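Visitor: Quick one: structure below, then a few questions.
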């Protein structure tokens, strides 16, 4: 799977991320927030603390973390209608993924009877919106947890690690890291990988879009994903130090 097999649309190496910028504290009214930019993909991620929990969570003394995801109408080349009367099935699936990923590093007993809402709003989409949402949502979550601790709402140790996610795929037989839309739209295989800072997998979503993949390609994609997540975790840490 050498570079010569496939020339990427933007000239990157097969294992190279797009330019990534994380701007913490982007929304001053939120308990935690950032603007994450991954190539042409731009997403605002916010975290809001609510001193309440869902009805099924009451009387347990445990907190909760949940997520919502949406794309603004002009986020793609063609206007996307707002889901006013009918839920967007894709958005529901993605927000469930974001929630699962972030909950994997949260100690609910340390949150008390509080809920943290994570909102990921896509300003511009150029591939990898779900993985960029997870990566940015963690930055917003970490800020909100720090704020809640400062107010005495949360106990120490509410976060057990960091979370980041990246897309990988196969195009014309070559495994690629962090596909942009032009690559994703013609990919033989599309995969999303979410991992903790401890090197453990949270979720692997891999699908053959055009051609089945073998064990060797799977291992190559996992290695690329692990490398990409490691770099994103470093960028998250840097952004949180700057905040």
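The values are calculated or read from the model by the stated rules, or taken from the named source; none is laboratory data. Just so it is clear, the structure is predicted and the values come from calculations on it, not from any experiment. Glycine gets a Cβ as well: all are built from the backbone with ideal geometry, and neighbour counts include every protein chain shown.
Visitor: Report every pair of residues separated by at least 6 positions or lying on different chains whose Cβ atoms are under 8 Å apart, first residue within the stretch 219-243 and outside any helix (DSSP H, G or I), second surrounded by fewer than 18 Cβ atoms within 10 Å (Cβ to Cβ).
Guide: 243/25
Visitor: Further question on the same structure: Out of curiosity, is residue 153 buried (at least 24 other Cβ atoms within 10 Å of the Cβ) and either assigned to a loop (DSSP other than H, G, I, E, B) or out of contact with any strand residue (DSSP E or B) (no Cβ under 9 Å at 6 or more places or on another chain) (or both)?
Guide: Criteria not met by residue 153.
Visitor: Now a separate question. Is there a residue in the stretch 107-122 that is closer than 19 Å to residue 69 by Cβ and part of a loop (DSSP other than H, G, I, E, B)?
Guide: There is no residue in the stretch 107-122 that is closer than 19 Å to residue 69 by Cβ and part of a loop (DSSP other than H, G, I, E, B).
Visitor: Now for a different question. Can you name every residue in the stretch 44-78 that is in contact (Cβ under 8 Å) with a residue 60 or more places away in the chain, outside any loop (DSSP other than H, G, I, E, B) and farther than 17 Å from residue 142 by Cα?
Guide: 69
Visitor: Are any residues in the stretch 94-112 surrounded by fewer than 19 Cβ atoms within 10 Å (Cβ to Cβ), modelled with pLDDT of 95 or more and out of contact with any strand residue (DSSP E or B) (no Cβ under 7 Å at 6 or more places or on another chain), and if so, which ones?
Guide: 96, 107, 109, 110
Visitor: Regarding residue 139, is this residue over 18 Å from residue 192 (Cα atoms), at pLDDT 95 or above and part of a helix (DSSP H, G or I)?
Guide: Answer is yes for this residue.
Visitor: Then there's this: Quick check on residue 184: is it in contact with a strand residue (DSSP E or B) (Cβ under 6 Å, 6 or more places away or on another chain), surrounded by fewer than 22 Cβ atoms within 10 Å (Cβ to Cβ) and in contact (Cβ under 8 Å) with a residue 12 or more places away in the chain?
Guide: no
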